[in-house]
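Novice: Before we start, here is the structure in question, set down as structure tokens.
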Amino acid sequence: MKKQKKIRKYEWLLGFLGFAGLYGMFDNNPPEILFFAFFGFFSRFWDYKFQNEIEDERLIENRYRATSVAFKSSFSIVLLIIAVGCTILRALVKPLRSLENQYKFILAVIAFGFAFAMLLTSYLTYRFDKKD
Amino acid sequence: MPEYKSNLKEYRIKMNLTQEELANIVGVRRETIGRLENAQYNPSLKLAVDIAKALHVSIEKLFVFDE
């Protein structure tokens, strides 16, 4: 048995770095959009709740289960949004017709999808472990 | 939800142990012992054996599965 990795109380504040992704939306460097993935750091809020607990087999099992559910859901949602966005929405939303905007859209969806997976993993771990 | 009847609480009390004390002996959290007592968690074989050794009772008496 071992205690959790040290997580600082305010580490979740790094999630605000995610707003740097907005630069990528409006300048000529679209990969900056991937900064949206930093929103995943807000998951530290849930991780911190386990800070002083022993990492026993039940917590490890709950974490694996949460990770599996979270990443399966996130990948499905990401693929669905990209498929819908690049086909149906492209016909309805004029800005999405340009290749550059589609590229930015896909990068944003991937970054948000990753952040969502991180958040969901931490939240579900907490939920599976603490529910009655 | 695992399908077994847990006699863990009965044997723990016979040994005059709190959930916290038993948890510390076998290396898990108090909540895990609580879940086991309510048959809400399937322990690993190692954990089941460790608990049985700590309480000086066989695994079959601690966790009774329906036939």
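Novice: Stokes-Einstein D for region A:9-70 at 37 °C, 0.692 mPa s, Kirkwood Rh over Cα pairs, in µm²/s?
Specialist: Approximately 244 µm²/s, per Stokes-Einstein.
Novice: Do any trypsin sites (Lys or Arg not before Pro) in region A:1-73 lie in a loop, going by DSSP, with at most 10 other beta-carbon atoms within 10 Å of their beta carbon, and if so which?
Specialist: A:2, A:5, A:6, A:9
Novice: Let me ask another. Just A:121, A:87, A:67 to compare: in a GNM of chain A, with alpha carbon springs under 10 Å, which one fluctuates most?
Specialist: A:87
Novice: Can I ask one more? Measuring from label point to label point, each 7 Å out along Cα→Cβ, what is the residue B:59 to residue B:24 span in nm?
Specialist: 2.7
Novice: On a 0 to 90° scale, report how tilted helix A:99-130 is relative to the longest principal axis of chain A, with both axes built from alpha carbons and the result rounded to the nearest 10.
Specialist: 20
Novice: Label residue A:82 and residue A:20 with points 7 Å out from Cα along Cα→Cβ: what is the distance between them in nm?
Specialist: My value for the distance between the label points is 2.3 nm.
Novice: Largest first and in whole Å, what are the equivalent-ellipsoid semi-axes of chain B based on the Cα gyration tensor, each being the root of 5 times an eigenvalue?
Specialist: 17, 13, 11
Novice: For helix A:57-84, report the angle its Cα long axis makes with the longest principal axis of the Cα atoms of chain A; keep it between 0 and 90° and round to the nearest 10°.
Specialist: Taking the Cα atoms of chain A, the angle to A:57-84 is about 10 degrees.
Novice: I would also like to ask the following. Based on Cα positions only, what radius of gyration and what Dmax would you give for region A:1-126, in angstroms?
Specialist: 17.2, 56
Novice: Let me ask something else about it. Could you please report the charge total around residue A:46, scoring K, R as +1 and D, E as -1 over all other residues with beta-carbon less than 12 angstrom from its beta-carbon?
Specialist: Every neighbour counted, the sum reads +2.
Novice: Pairs of Cα atoms under 8 Å, at least six residues apart: use those to get the relative contact order of chain B, whole percent.
Specialist: 48
Novice: Simple spin-label model, 7 Å along Cα-to-Cβ: residue A:11 to residue B:10 in nm?
Specialist: 4.4
Novice: Among the listed pairs A:72/B:5; A:49/B:61; B:9/B:46; A:6/A:130; A:6/B:61, give every one whose C-alpha distance is greater than 29 Å.
Specialist: A:72/B:5; A:49/B:61; A:6/B:61
Novice: Would you mind giving the average projected area, over all directions, of the Cα convex hull of region A:43-87 in nm² with one decimal?
Specialist: 3.7
A short reminder: the numbers here are calculations on the coordinates, not readings from a lab. Predicted model, so just to flag it, every value in this text is computed and none were measured. Note: ideal-geometry Cβ built from the backbone for every residue, glycine included; neighbour counts use all protein chains shown.
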